[in-house]
Amino acid sequence: MPVLEIAAKFGTYAVMAMILIFALGVVTLRNLFHCALCLAAALIGTAALYVVLQAEYLAAIQILLYVGAVVTLIIFAIMLTEHLAEKTVRQNNSQSLLALLGLLGFVALLTGLILKTPWPVTQTALTAKVSVMGLGEALMGTYVFPFEVISIILIAALIGTVVIAKKDDPEEKP
Amino acid sequence: MNIPLVSPAIRGIEFNADMIFVTAKAWILSLLGHFLPDWVVVLASITISGVVILCLGPVIMMYLTLLERKLIGRIQNRYGPNRVGKWGLLQPIADGIKMFTKEDIVPAKADKVVHLLAPIVIVVPALMLFLVVPFGERMTAVNLNIGILYFIAVSSITILPIFMGSWASRNKYSLLGGMRTAAQMISYEIPMTLAVVPAIMMSQSLSTNTIVMSQEGPYDMHWFIFTPWGIVGFIIFFLCATAECNRPPFDLPEAESELVAGFHTEYSGMKFALFYMAEYMNAFTLCGIATTLFLGGWQGLFFPSWLWFFGKTFVLICVMIWFRGTFPRFRVDHLMGFAWKFLLPLTLVNILLTALWQFTSNLAAWLWSILILAVSLWVLVKLNRTFIPEKRHYPLES
Amino acid sequence: MTIFGWGVFKGMMVTLKNFLTSYFRKPDEGGIFTVQYPEEREKELENFRNFPFLVYDGTPEKIRCVACGICERECPPKCIHIEMELDGTGKPARKPAVFDIDYSLCMNCGMCEEVCPFDSVFMDHAFEVTSETGSEGLVRHKEALLKSNEYFQKIRPALASTIDQKRKAAEEKKKATVQATPPPAAGAQAQGPQ
């Protein structure tokens, strides 16, 4: 059904364009809260791209963690910082043009490099489908050591947060 | 169950009550397939599922509001609405007309775009959740193989429009209510996710259909709720689901007596109707998922599968409404403490119990499970004692 | 029993019991006591006090009111307006020509009933008073205010019977004094031929 394939291709390019527009919105909008919302939209678009690339598990995890937790954290930080979201921040200064030129040069260099590298794209890599079961087995089998190290790092971060956020008890007795 | 209502075949499709909706859709698609190209049939299939869900969601929400008002009325010694149509059955339509015709007030200093987008964005995940709910045998709209994960991910998007709504209103009550709502929803997501893990462990799959199928057994004794981890998991999941929908007793974010109306203070008319709709559709979907995970989904004797599903979900919704009529509100620190300090450790103990159940499932396993549960509950209750500050002494000044 | 969560369970049983018995219990036993107005109505109590009305005995001509104007003077919001009827020669006939009560001002206090010396103004039970022309339509004229003594008996039996007995006793006494005092001509005639 070539019509559906063309429609799917068009949809994918539209999603990519929206991701780029929202990403531009994150850095150029003047109200900080709007920037956070554009970030959320860009991340949801990325999840849609993962679905197109047949990695549905990754898409669900992307939405759960990024949009559900990270963006919420960012919004909490914006809201709880005093007066931060009421300011309208000026997003460019006199050096913008030079910076843009430098950036475009960098992008051209990077694109050239990416196009020239011989990526090891083999047939097995192209037709691989990651199943949740395979992911679980790999995480508990081959990659169990990094998994445990990550959990130790997370515990350390949690304990550190609690210690930093704890109020100092005044050691006075009446 | 095959209960042939009309003896044989309409174009070779057997007609029984269980498969009535599936065969209707197949019939329509085969009708379209005769004179339209293939890709239109694919699109039509998607459209039919979409339209059915888009009609089902709001209709369910409307009659859920009526059911709630009638049940709460009876609990509180009064009739519910019974003026508009017999037994108040046309009341939701009157409510809908009222909400359509109300004036849409936007505060002068509100952020207009975000204020408009918040109710729109909150309805989208609420409707998307209907896609993975197995309404009956072979009646899941989209049979994803990451069904439960999709469900958890999409229900976590709901936090974002609450922030948007509370922030854009530029109202301190809205902001306070929005922050509390977001904190509550994030906190209760974690025990909810962990309470689902045992069901996934036992059915070895994330797909909702497979979870229901793995609860198959003679006389429905294989539903997950008839196991020690199932009971605990179901209670935890149900409490977290009540908290996720901001329903009483977890409705501090929209407590009328404390926060005016929380994050939807500044919304009126159709926008408020959208918030309201999202809350009730969320409640329905969460009860639906609770039945698929623990109560056996559409499994049941003799009646069509979708009837069993709707019946079980209806019972759970009545329990939610019963909670509303019975309990006072949680205080905010009790709310958060309950999630983090009580429910979360209990879910971890529950996962341990499931692992035990995987090895054996006889009486010894039951006794061990009850012992472990009793010990852990006792420990948690002791650790969660109410904090009473010590009495201050004010020395007299002479 | 003080296991954790027992209070929650007991609370839910209470509401469940209330829900189930609400279908069976009568209103005075603790069931649902909603009165489905307008199909059902509450029982009217005798001293239920609403807007005033005028009493007539028998026919609307025999109105008890003599247009003394005491109720007009005593009414706190001043909602009564009375004009005495003048008969042919300009002398006041003891009947009102105009008796207006403005229901939109009336506060149902009952002072007019208390002060009337002729037992003619009493408080009615009718509360379903509407008007289609704003507050101008709520001014009630004499014709609308007149209601018969039988109606009065029906709505306030105790008070009406007391008043009827009082009036009958007063009538009897007046008749007795009229008969007891002999007419002067007869008396002069009786004394004449002495």
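Observations on the model:
- Any hit, region B:374-387, residues being free of Cβ contacts under 8 Å to residues at least 60 places away in the same chain, polar (S, T, N, Q) and in a helix (DSSP H, G or I): yes
- Scanning region C:65-95 for residues that are among the basic types (K, R) and in a loop (DSSP other than H, G, I, E, B) yields C:K78, C:K91.
- Entry remark, region B:69-84: residues being part of a loop (DSSP other than H, G, I, E, B) and either within 22 Å of C:L16 (Cβ to Cβ) or under 29 Å from the mean Cα position of the chain (by Cα) (or both) number 8 in total.
- Residue among B:T326, B:T386 that is surrounded by 15 or more Cβ atoms within 10 Å (Cβ to Cβ) and among the β-branched types (V, I, T): B:T326
- Single match in B:L131, B:L116 (criterion: part of a helix (DSSP H, G or I), surrounded by fewer than 17 Cβ atoms within 10 Å (Cβ to Cβ) and hydrophobic (A, V, I, L, M, F, W, C)): B:L116
- The requirement of being of a type outside the set (K, R) and at pLDDT 90 or above is not satisfied by B:F226.
Results for (1) farther than 21 Å from C:R64 by Cα; (2) free of Cβ contacts under 8 Å to residues at least 12 places away in the same chain, shown as yes or no for each residue.
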residue	(1), (2)
C:C79	no, no
C:D87	no, yes
C:E136	yes, yes
C:R140	no, no
C:T162	no, yes
C:Q165	no, yes
C:E172	no, yes
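- Only one of B:P125, B:P107, B:P81 that is away from every other protein chain (no Cβ under 14 Å) and either at pLDDT below 90 or buried (at least 17 other Cβ atoms within 10 Å of the Cβ) (or both): B:P107
- Restricting attention to region B:207-247, the residues being under 25 Å from B:L301 (Cα atoms) and not in a helix (DSSP H, G or I) number 9.
- Considering only residues in region B:161-189 that are of a type in the set (A, V, I, L, M) and under 15 Å from B:N282 (Cα atoms), the one that is surrounded by the most Cβ atoms within 10 Å (Cβ to Cβ) turns out to be B:I162.
Okay, residues lined up against (1) closer than 29 Å to C:D87 by Cα; (2) touching a residue at least 40 places away in the same chain (Cβ under 8 Å):
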position	(1), (2)
C:N108	no, yes
C:T130	no, no
C:L146	yes, yes
C:L159	no, yes
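- Qualifying residue in region C:120-141 (condition: part of a loop (DSSP other than H, G, I, E, B) and of a type in the set (K, R)): no
- Residue satisfying condition, being in contact with a Phe, Trp or Tyr (Cβ under 9 Å, 6 or more places away or on another chain) and either crowded, with 20+ Cβ neighbours inside 10 Å or in a helix (DSSP H, G or I) (or both), within set B:F314, B:F284: B:F284
- Residues in region B:172-193 that are touching a Pro at 6+ places or on another chain (Cβ under 7 Å) and over 25 Å from B:V132 (Cβ atoms): B:G177, B:R180.
- B:R324 being in a loop (DSSP other than H, G, I, E, B) and basic (K, R): no
- Meets criteria (within 30 Å of B:L367 (Cα to Cα) and hydrophobic (A, V, I, L, M, F, W, C)) for B:L252: no
- Scanning region B:86-103 for residues that are within 29 Å of the chain's Cα centre (by Cα) and part of a loop (DSSP other than H, G, I, E, B) yields B:L89, B:L90, B:K102.
- Here B:M139 meets each of (1) crowded, with 18+ Cβ neighbours inside 10 Å; (2) more than 14 Å from chain A (Cβ to nearest Cβ); (3) assigned to a helix (DSSP H, G or I) with one exception, condition (3).
- Candidates B:K86, B:K70 - the one that is in contact with a helix residue (DSSP H, G or I) (Cβ under 9 Å, 6 or more places away or on another chain) and among the basic types (K, R): B:K70
Quick grid of which residues meet (1) part of a helix (DSSP H, G or I); (2) facing chain A (nearest Cβ under 9 Å); (3) farther than 21 Å from B:L344 by Cα; (4) small (G, A, S):
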| residue | (1), (2), (3), (4) |
| --- | --- |
| B:L160 | yes, yes, yes, no |
| B:G165 | yes, no, yes, yes |
| B:Y173 | yes, no, yes, no |
| B:G178 | yes, yes, yes, yes |
| B:S187 | yes, no, no, yes |
| B:I190 | yes, no, no, no |
| B:P198 | yes, no, no, no |
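- Residue under evaluation B:L373, criteria (1) under 16 Å from B:M192 (Cα atoms); (2) over 21 Å from the mean Cα position of the chain (by Cα); (3) within 14 Å of chain C (Cβ to nearest Cβ); (4) surrounded by 17 or more Cβ atoms within 10 Å (Cβ to Cβ), criterion not met: (1)
- Residues of region C:1-48 satisfying the condition of being over 30 Å from B:W378 (Cβ atoms), within 9 Å of chain B (Cβ to nearest Cβ) and touching a Leu at 6+ places or on another chain (Cβ under 9 Å): C:F19
- Of all residue pairs spaced 6 or more apart or on separate chains, those with beta-carbon atoms under 9 Å, a first member in region A:112-137 that is surrounded by 12 or more Cβ atoms within 10 Å (Cβ to Cβ) and a second member that is hydrophobic (A, V, I, L, M, F, W, C) and assigned to a loop (DSSP other than H, G, I, E, B) are A:V130/A:A55; A:V132/B:I146; A:V132/B:L206.
The values are calculated or read from the model by the stated rules, or taken from the named source; none is laboratory data. Keep in mind that what you see is a predicted model, and the values were worked out from it rather than measured. Positions of Cβ are generated from backbone atoms using ideal geometry, with glycine treated the same way; all protein chains shown enter the neighbour counts.
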